[in-house]
Amino acid sequence: MQRTRHLDAVDHFVKQQPRAVKSVLIGLRKLIRSSVPDVTEHFQVSSHRIVYRVAEGKKSYAFCFLATATKEVHLGFDHGSALTDPENLLAGKGKRVRHVVVAKRIEIDPDTFSLLIAEAALVAVNRGQAIE
């Protein structure tokens, strides 16, 4: 019941977005779910974003999120500063969080984004430490 309620909230949030943003959200949601097995997603009301968690044993760790702007989506990584970024896609100057700005669905590079997403999940489980 709880999981269904979270998915309903996520679906409702996606449906409310403008067409271009909605298309990007749908593409990124699909990519995240295919990149990390057993990922959970929920809508975080306080920040108006979709949050993704990965389980390790009995605990789960937030590793990425989708936040919308007027004409774009930010694919954010909770421990983005610890990720390898050979293509310099990650933006942000904070201590931890980094994001990729995606304005059109065609900008989603499945190979590159999948690697970032999978690495972000591993880093989260490793409590923010880079994977060597």
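Condition check ((1) modelled with pLDDT under 95; (2) under 21 Å from Phe113 (Cβ atoms)) across all residues:
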position: Arg5; (1), (2): yes, no
position: Ala9; (1), (2): yes, no
position: Gln16; (1), (2): yes, no
position: Leu28; (1), (2): no, yes
position: Val39; (1), (2): yes, yes
position: Ala55; (1), (2): yes, no
position: Val73; (1), (2): no, yes
Of the residues in the range 87-132, those that are under 10 Å from Phe77 (Cβ atoms) and not β-branched (Val, Ile, Thr) number 10
Suppose we filter Arg98, Arg53 for residues that are crowded, with 16+ Cβ neighbours inside 10 Å, in contact with a Phe, Trp or Tyr (Cβ under 9 Å, 6 or more places away or on another chain), closer than 27 Å to His12 by Cβ and not aliphatic (A, V, I, L, M); which single one remains?
Arg53
May I ask you to say which residue of Ser46, Ser60, Ser23 is more than 12 Å from the chain's Cα centre (by Cα) and part of a strand (DSSP E or B)?
Ser60
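The values are calculated or read from the model by the stated rules, or taken from the named source; none is laboratory data. The structure presented is a predicted model; accordingly, all values stated were derived computationally and were not measured. Ideal geometry is used to build each Cβ from the backbone, glycine not excepted, and the neighbour counts take in all protein chains shown.
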